[in-house]
Every structure is written in C-alpha cells, then in structure tokens.
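What follows is a short report on a single structure.
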Amino acid sequence: AVVGAGLGGSAAAYFLQQHFGPQVQLDVYEAAGVGGRLATVTVNKQQYESRGASIHALSLHMQDFVKILGLKHRREVAGKSAIFSGEHFVLEETDWYLLNLFRLWWHYGISFLRLQMWVEEVMEKFMRIYKYQAHGYAFSSLEELLRSLGGEAFVNMTQRSVAESLLEVGVTQRFVDDVIAAVLRSSYGQSVLVPAFAGAMSLAGAQGSTWAVEGGNKLVCSGLLKLTKANVISARVTGISLHSSEGRALYQVHYESTEGQGSAFYDLVVVTTPLHPSRSNFTFDNFDPPIADFPGAFQPSVTSVVHGYLNSSYFGFPDPKLFPFTSILTTDTPDLFFHAMDNICPVNISAAFRRKQPQEAAVWRVLSQQPLDKPQLKTLFRSYYSVQVTEWQTYPRYDAAKALPPIVLHENLFYLSGVEWVASSMEMIAVAAKNVALLAYNRWHQDLEKIDQKDLMHKVKTEL
C-alpha cells in the first residue's frame, strides 16, 4: 500500500513496481485528488499552476518521468524579476546578462560569486545520489543518506541556518538581507534562519535554469499511476495496525471512504503524507515499541490567484505601461504582507501566446502567510475580476535544531515525507521515493550489502 497520491506517492508506486516487478499489487490511497500540492486553478477557461510551479534543470528523476510518460517541457516565456523592500526596488533585473552581473557586483561586491560557488559545491555532492541509486544502494535514515553525499558537513547543514553558513564563506550581511531573504520568502515563505541544506536547494532553483510540464506538473502524478496500473482507492487512511503472519509482519490499513469504513492487509506500506498532528490524525496500533510522535509544525501558506490590473504606482511606477517586471520578490520587512507575486502563464502555452502588457488585466499569483484582505488586494491591484485562494500547510516550519524524522517506522513500514525536513522540492521527494523503493526491495530480499554502505564513491567507481 502507498498512502497518498501526490508526487511522493505516485513516484513511490512507480519505483516499487520497477524494483519488485510488474506482478506486485499496488493500492494507492488518496483522500483528495491525485497530484497533492501539484494543483491547478482555472481562470477564464485556462488552467494555471497554484503551487509547485518550477523544476530545476538538474532534477534527473523528474526529467526521466517526463520522458517516460511522453510529456513535454512547457515553452518558456521570458520575464524580468525585481526585489521590493516595501518602499523601493533594491535590485532590478534587466534584459542584459552582463548588466545584471555588473549591478550585482556594484551593489554586493563578490558576494554573489561566493554564493554561487557555495551552492555549486553542495549541488555537485548532492548529484552523487543518482549514481548510488543507479547501482541499487539505499539508506535507512536521512542522516545516512546525507553522510554518504557530503559527510558530517551535510548533516550539520540541517542543524544550522543558511545565513550563518553564507556569512562564514564571505557573503555579506547586506546580500543575505536583500537577496537570500527574498529567495527564501518566495520559495519557503520563511526567513534566512531556515537550515543551510534547505536553503542551498532553494537557492539552486533560483539561480539555475528551471522548467515546467506542458499541461501542468500534476500530469506527472496521474501519468505514473496510470503507467504502474496502480489501484487508486479514493479514501482517507485513518491508521495502520500491526499483525503477524508466519513470522512476517502484516499491516492492516484502516480507511474511511464515502461508502464507510474499511481495511485491507499488506506486506509492505509506504506513507507519503506528513505524519504531523497538524496534518493528519493517523494512529499506529499494536506496535511495540510504539511509533513515536513526530515533532515539528508546518508553515501556513496562502496562494491567491488574482485576475486583475496591477497597481503599479504602489511599486513606484505611476504609468502602468512602464512597469517592466513579471516577478516581484520581497525582503523581510515587517510591513510587507506578501512574500512574492508573479504574472503567471497558463499551463498550456501555444506558439501564438504572448504575455499580457503591464497595463492589461493579467493573472497574478500572490504568495503570503495570511489570506489577503480587501485593503491589501486594493494595494496590489487597481481593480480585479476574480480572486481564488488556496490555503496550504506546505512546508515544514524549519527550525534548525530538530532531529530528522525516520524513514523506517517498522520492518516493512516506511515514511517518505520526512525528507521535507532536509529540503522540500519536487526532486527531493522523487529522490526519497526512489530511496524508499530500493530500501524496501533490499530489506525484503535481505540484501544488506546494498543498505547504508560506507565509502560509496569508491565502491561505485570500482563497480564501474
């Protein structure tokens, strides 16, 4: 059984079938809709991503899914970004790459180069995971996975803030306050106190090239489930109880659907929904020792998709025709009531598509911590036709001192969503899904040589 049909659940189902073979029987439980947080909203008969909008160019599992499913990359529509302090723009992007570099250097010295080198070093080590997974290696804890990629330094990066790490490598406080804060507010809705590893992943997405799936990123989830011929059960899982049969653990999954309550037995269960009291009322019965509670809270996050006319004068442009930006990030200023806003394109972009001019009514996605009230909407928009609000508890509230959640809850009972406490992105979830599938397979076949191996770089080289 796989609990949840978001990206984690659909990728776990796909990888489990890949390793155990087509004869494996897969039930996927989903209470809401397939796709989870990869959802779309409809404005004027067009669909727009409401969250989970862009994928990093180095996301190799996501690239594979798109290829396997015959999906396409969405056509890119160029646009410029700026960082707003509540009073003025502290940094503005131009059409000229060299001019952008010059402006960064002029404002911040070589801070942006130091940032780039730091992010590249982290990413280079992180990319080792694909080699390990291609050779069938798995990890039974998030700490072991991190250690295999970057030693204790990677584990420590989940315990200290991104601000501390960057200041240590010579990035200036001003650059952290202006640029790093703006990126983290737009991705996690949080401050520069998020842990360094989560921060590095978010910053890699901000400076690398990104892409999205034509037709909507959620098509990856429905496509993978269709491909695996998984049996999707429309029900909310309420708990899991342990039984044993012929010396093997047997798990009873209890659920509620429109037809009432039910349950079913499984050899192996992967939970991909967050097991935090604020997110799910999940019970574990008959486990000895009992499965402990999951500490930590989730960050409330609100997406407002607004179809309207931007109030450009709020940003210092009385003439809307002259407003040049399609994406506005914000610094950590107490008076600012939103984290970021961007003029978004539909999930289906035709060859004839053109972005709306700044003086025209466009579709904007505004990210904030609280729902926007009328005066706040009036501050950002001269007038608007519609507002669609989605409230989520999207990301963990990163608090640098927390221990990471376990992957193995019991013999053949695994937890995938804990990876979000390391960093939260589509690719991190796909990597975790592959790891859980390999771990389940290796444990089932007692292939302990493939779990938590030390000095993997050396092993993989000799295997080659």
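Of note:
- Filter pass, Gly86 being over 19 Å from Ile180 (Cα atoms), part of a loop (DSSP other than H, G, I, E, B) and small (Gly, Ala, Ser): no
- The range 397-418 residues that are within 11 Å of Val270 (Cα to Cα), paired with ones that are part of a strand (DSSP E or B) and at pLDDT below 95 (beta carbon under 6 Å, 6 or more apart): Asn412/Ala249
- Matching option when the condition is open to solvent by 10 Å² or more (accessible area, probe 1.4 Å) and either of a type in the set (Ser, Thr, Tyr) or closer than 30 Å to His73 by Cα (or both), among Glu246, Glu214, Glu259: Glu214
- So Gln357, is it over 25 Å from Ile55 (Cβ atoms), at pLDDT 95 or above and of a type outside the set (A, V, I, L, M): no
- Filter result (buried (at least 21 other Cβ atoms within 10 Å of the Cβ) and either within 13 Å of Val269 (Cβ to Cβ) or in contact with a Ser or Thr (Cβ under 8 Å, 6 or more places away or on another chain) (or both)) within the range 8-25: Gly8, Gly9, Ser10, Ala12, Ala13, Tyr14, Leu16
- Among all residues of the range 429-442, there is at least one that is more than 21 Å from Leu7 (Cα to Cα) and part of a helix (DSSP H, G or I).
- Taken over the range 271-320, the criterion of being closer than 26 Å to Ala423 by Cβ, touching a His at 6+ places or on another chain (Cβ under 9 Å) and not in a loop (DSSP other than H, G, I, E, B) is satisfied by Phe298, Ser301.
- Residues in the range 72-93 that are open to solvent by less than 80 Å² (accessible area, probe 1.4 Å), out of contact with any helix residue (DSSP H, G or I) (no Cβ under 6 Å at 6 or more places or on another chain) and of a type outside the set (Asp, Glu): Arg74, Val77, Gly79, Lys80, Ser81, Ala82, Phe84, Ser85, Gly86, Phe89, Leu91.
- Unique residue being open to solvent by 10 Å² or more (accessible area, probe 1.4 Å), in contact with a helix residue (DSSP H, G or I) (Cβ under 7 Å, 6 or more places away or on another chain) and among the polar types (S, T, N, Q) when the list is Thr379, Thr326, Thr390, Thr330: Thr379
- When the range 94-113 is filtered for residues that are open to solvent by 70 Å² or more (accessible area, probe 1.4 Å) and either of a type in the set (Ser, Thr, Tyr) or in a loop (DSSP other than H, G, I, E, B) (or both), the ones remaining, listed by number, are Asp95, Trp96, Tyr97, Ile110.
- With a requirement of 2 or more residues that are touching a residue at least 40 places away in the same chain (Cβ under 8 Å) and within 23 Å of Glu92 (Cα to Cα), the helices (runs of 4 or more DSSP H) lying completely within the range 116-215 that satisfy it span 181-187, 196-207.
The values are calculated or read from the model by the stated rules, or taken from the named source; none is laboratory data. Keep in mind the model is a prediction, meaning the values are calculated, not measured. A quick note on method: Cβ atoms are made from the backbone with ideal geometry, for glycine too, and the neighbour counts reach across all protein chains shown. Accessible surface areas use protein heavy atoms only, side chains included; no ligands, DNA or RNA. Shrake-Rupley method; radii C 1.70, N 1.55, O 1.52, S 1.80 Å.
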